[in-house]
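Q: Have a look at this one before I ask anything.
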Amino acid sequence: MKFDVVTIFPAMFERPLAEGVIGRAVERGTLDITVRDLRDFTTDRHRVVDDVPYGGGPGMVLKPEPIFRALDLIEVDRGRPAAVILMSPQGVRLTQQEAQRLSRLPHVVLLCGRYEGVDERIRARVTEEISIGDYVLSGGELAALVIVDAVSRLVPGVVGDEQSVAQDSFSRGLLDYPHYTRPAEIAGHRVPDVLLSGHHADVRRWRRKAALVRTLDRRPELIATAMLDEEERALLDEIRRERSEREEH
Ligand code: 9D3
């Protein structure tokens, strides 16, 4: 999969895209990520990317010309992208489902805003706007890194263990079950016996139930939209029965 990122802070992308599974996929060529400095698309001596807002008011606005020029060059250089995404607090919220959709596209451009915003007219070249959540960032760069990470690990061959991606509880809309490693006891805290039992069917059932308990306790709103199979629906009933019985005592 190809990504082009347009930013005034290209250095913010260097280490994050060179580490871990993403870094290895970039080395192998499974991911082809080009980070482009918006200042390289200015034509003035001082490489100015921002200007004062028409109509007055505080802060600066990213100028449209360097962004248009960057998008033109990306198209000449790498072909017409399947999506041009503006990272924006006004965008559609990123979800695992959105990440899955983007992972099926061959080429995505990510535009990172800074300052108060971006000249509205660049939206003519933007196919979608994405926000990563309801909190204020200083710019779109960290949001673009989140998108590259969440989308890339869904691209076949990026994460070695395809199974762990497919089984990722979040992709079915549930929280993960608790994990343990050695030792079997630390400071009086023991690993649940079932995990030491060697009974794989029991372990699997315990984990599925523990994931449901966690989701019910921490993110109950996820249960309504989770993709539960028959066993999970039965476990959910079991949890609810256990809880109502406890209430009666
Ligand atoms: C202080 C400026 N704010 C005035 C009400 C508006 C504002 C402009 C630009 C707030 C944040 C930003 C920079 N943020 C992004 O570019 C951004 C973002 C975010 O802040 N939160 C979640 N997702 C994203 S995607 C891009």
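Q: In the stretch 100-107, is there at least one residue being open to solvent by 40 Å² or more (accessible area, probe 1.4 Å), in contact (Cβ under 8 Å) with a residue 24 or more places away in the chain and within 11 Å of the ligand (Cβ to nearest atom)? Quick ask: steps written out before the conclusion?
A: Step one: of the stretch 100-107, the residues open to solvent by 40 Å² or more (accessible area, probe 1.4 Å) are 100-101, 104-106.
Next, from what is left, pick out any that are in contact (Cβ under 8 Å) with a residue 24 or more places away in the chain: 100, 105-106.
Next, from what is left, pick out any that are within 11 Å of the ligand (Cβ to nearest atom): none.
Looking through the stretch 100-107, none of the residues is open to solvent by 40 Å² or more (accessible area, probe 1.4 Å), in contact (Cβ under 8 Å) with a residue 24 or more places away in the chain and within 11 Å of the ligand (Cβ to nearest atom).
Q: Restricting to the stretch 221-249, name every residue that is open to solvent by 70 Å² or more (accessible area, probe 1.4 Å), assigned to a helix (DSSP H, G or I) and under 18 Å from residue 176 (Cα atoms).
A: Hits for the stretch 221-249 are 221, 233.
Q: Those residues that are open to solvent by less than 40 Å² (accessible area, probe 1.4 Å) and assigned to a loop (DSSP other than H, G, I, E, B), I need them from the stretch 6-29; list them, please.
A: 8, 17
Q: Take the residues in the stretch 57-74 that are in contact with a Ser or Thr (Cβ under 9 Å, 6 or more places away or on another chain) and in a helix (DSSP H, G or I), then tell me which one is nearest to the ligand (Cβ to nearest atom).
A: Let us first name the residues in the stretch 57-74 that are in contact with a Ser or Thr (Cβ under 9 Å, 6 or more places away or on another chain), namely 63, 65-66, 69, 74.
Keeping just the survivors that are in a helix (DSSP H, G or I) gives 65-66, 69, 74.
Working: 65: 20, 66: 17, 69: 21, 74: 19 Å.
Looking at residues that are in contact with a Ser or Thr (Cβ under 9 Å, 6 or more places away or on another chain) and in a helix (DSSP H, G or I), I get 66.
Q: Still on this structure, please answer the following. Under 6 Å between Cβ atoms, which residue pairs at least 6 apart in sequence (or on different chains) link something in the stretch 152-164 that is more than 10 Å from residue 31 (Cβ to Cβ) with a partner that is hydrophobic (A, V, I, L, M, F, W, C) and open to solvent by 30 Å² or more (accessible area, probe 1.4 Å)?
A: Listed by first residue and then by second, the contacts come to 159/21.
Q: Sort out which residues of the stretch 35-56 are open to solvent by 40 Å² or more (accessible area, probe 1.4 Å) and under 23 Å from residue 86 (Cα atoms), and write them in order of number.
A: To start, the set of residues in the stretch 35-56 that are open to solvent by 40 Å² or more (accessible area, probe 1.4 Å) comprises 35, 39-40, 43-48, 51-52, 54-56.
Within the stretch 35-56, 35, 39, 40, 43, 47, 48, 51, 52, 54 qualify.
Q: Run down 130, 122 and say which single residue is surrounded by 15 or more Cβ atoms within 10 Å (Cβ to Cβ), within 17 Å of residue 4 (Cβ to Cβ), of a type in the set (A, V, I, L, M, F, W, C) and within 13 Å of the ligand (Cβ to nearest atom).
A: On the way: 122 fails: within 13 Å of the ligand (Cβ to nearest atom).
Of 130, 122, the one residue that is surrounded by 15 or more Cβ atoms within 10 Å (Cβ to Cβ), within 17 Å of residue 4 (Cβ to Cβ), of a type in the set (A, V, I, L, M, F, W, C) and within 13 Å of the ligand (Cβ to nearest atom) is 130.
The values are calculated or read from the model by the stated rules, or taken from the named source; none is laboratory data. This is a predicted model, so every value here is computed, not measured. Note that each Cβ is placed from the backbone with ideal geometry, even for glycine, and that neighbours are counted across all protein chains shown. Protein only, heavy atoms only, side chains kept; ligands, DNA and RNA dropped before computing areas. Shrake-Rupley method; radii C 1.70, N 1.55, O 1.52, S 1.80 Å.
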